[in-house]
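One structure is given below, encoded as structure tokens.
The values are calculated or read from the model by the stated rules, or taken from the named source; none is laboratory data. Values in this document were obtained by computation on a predicted structure and should not be read as measured data. Reconstructed Cβ throughout: ideal geometry from the backbone, glycine too, with neighbour counts over all protein chains shown.
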Amino acid sequence: MSLVIHLKSARRDWWKSHLQSLLPDIECVLWDEVTNPDAILYAVVWKPPAGGLATFKNLQCIVSVGAGIDHVLADKALPEDIPIIRTTGSDLTQRMREYVCLHVLLQHRQLMATFAAQRNQQWAPAITPTAADRTVGVMGLGKLGQSAAQSLKALGFKVVGWARSHHQIDGITCYTEAELSRFLQQAEILVCLLPLTDTTENILNKDLFQQLPPGAAIINAGRGEQLVEQDLIETLDSSQLSHATLDVFRTEPLPADHPFWTHPSITITPHIASLIDPESGGKEIARNLKAFIAGKTVEDLTNRKRGY
Ligand code: NDP
Ligand code: OXD
């Protein structure tokens, strides 16, 4: 009974021994060490090569080293019936809350303009509204979106949320898929924490930006494929949007000649909104896998029929 690991991380060997110590009854091997593909029952992966997982004929379960599973589903050769478990946990949620609150506050207090003024040695004070007079919209009310929305609410913001189904969250007005326009019209700062699916691909486009209040800011920590890049540049240049903070991109690392790097109204972070910590993430993976093998309920087991 073997488990194969595919990671881009320079700490692959460390991950291997960490998982091996947590799962002593399963032989853990790195992707390029596999000698007997038929012995592989479990795969722990981030961005596996296309067609690779289908070579393991006895695969019983795939674990995504991350909350998103789009990087696994991107492999069209993957058999449809193999369960996929994602990796979440309190560390991941906490890091995302920190990232979202930090960047919402930067926009809310107009600090990007203050930092630009500093570079020109300009003293440029500005009075901004208090959080109670600012509405933040959160797209995606799953594990990450819901906890980020609650933290923003605790900071005093008015918060509206949007998801496929109806959600009831204390103090937050929630909208469903069909109510997108009503949601957007209120969102002065829009946070995207949607998973990448066929319906969310290209969702951050010109039509959506036009429905936001003039001068709105966006923060995308979902996936790069959700953003139509040229639409963003044109909408920023027209001032309908004031700023975009982007953590995720269609191509990562973002190519050196990409126009986002030098756009004055774009802030780039290198997919660090909420990285999995190998220590606690490994424990989460082992816990989920043991529960799966024992036939117990696994909260992070995804529903592939629903699109993620
Ligand atoms: P969940 O699966 O827990 O939640 C997804 C949410 O999105 C749900 O509320 C769901 O609605 C909603 N949703 C899905 N499809 C649609 C749609 N078509 N229209 C409207 N709402 C939709 O995901 P998480 O919160 O755990 O993670 C979200 C994403 O964040 C990940 O998939 C990943 O892409 C990204 N991520 C980014 C990281 C980073 O560092 N930048 C780190 C970790 C994750 P409903 O509740 O009705 O089902
Ligand atoms: C994830 C990510 O999906 O880091 O966890 O993007």
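Here are the numbers:
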item	result
Qualifying residue in segment 38-48 (condition: in contact with a Pro (Cβ under 9 Å, 6 or more places away or on another chain), farther than 25 Å from W14 by Cβ, assigned by TED's automatic domain parsing to the domain that holds D13 and among the charged types (D, E, K, R))	no
Out of A116, A178, A124, sole residue that is part of a helix (DSSP H, G or I), loosely packed, with under 12 Cβ neighbours inside 10 Å, more than 21 Å from the chain's Cα centre (by Cα) and more than 16 Å from ligand 2 (Cβ to nearest atom)	A178
Members of segment 131-146 that are part of a helix (DSSP H, G or I) and within 14 Å of ligand 2 (Cβ to nearest atom)	K143, L144, G145
Unique residue being within 16 Å of ligand 1 (Cβ to nearest atom), in the same structural domain as S151 (by TED's automatic domain parsing), closer than 25 Å to W46 by Cβ and not in a loop (DSSP other than H, G, I, E, B) when the list is V63, V100, V72, V104	V100
Test result for G282, in contact (Cβ under 8 Å) with a residue 12 or more places away in the chain, touching a Lys or Arg at 6+ places or on another chain (Cβ under 9 Å) and crowded, with 17+ Cβ neighbours inside 10 Å	no
Count of segment 76-97 residues which are surrounded by 14 or more Cβ atoms within 10 Å (Cβ to Cβ) and either within 16 Å of ligand 2 (Cβ to nearest atom) or without any contact (Cβ under 8 Å) to a residue 24 or more places away in the chain (or both)	12
Selected residue (criterion: modelled with the highest pLDDT) from residues of segment 255-281 that are under 26 Å from S17 (Cα atoms) and of a type in the set (G, A, S)	S274
Matching entry among N288, N303 (being under 24 Å from L19 (Cα atoms) and either more than 14 Å from ligand 2 (Cβ to nearest atom) or not assigned by TED's automatic domain parsing to the domain that holds K143 (or both))	N288
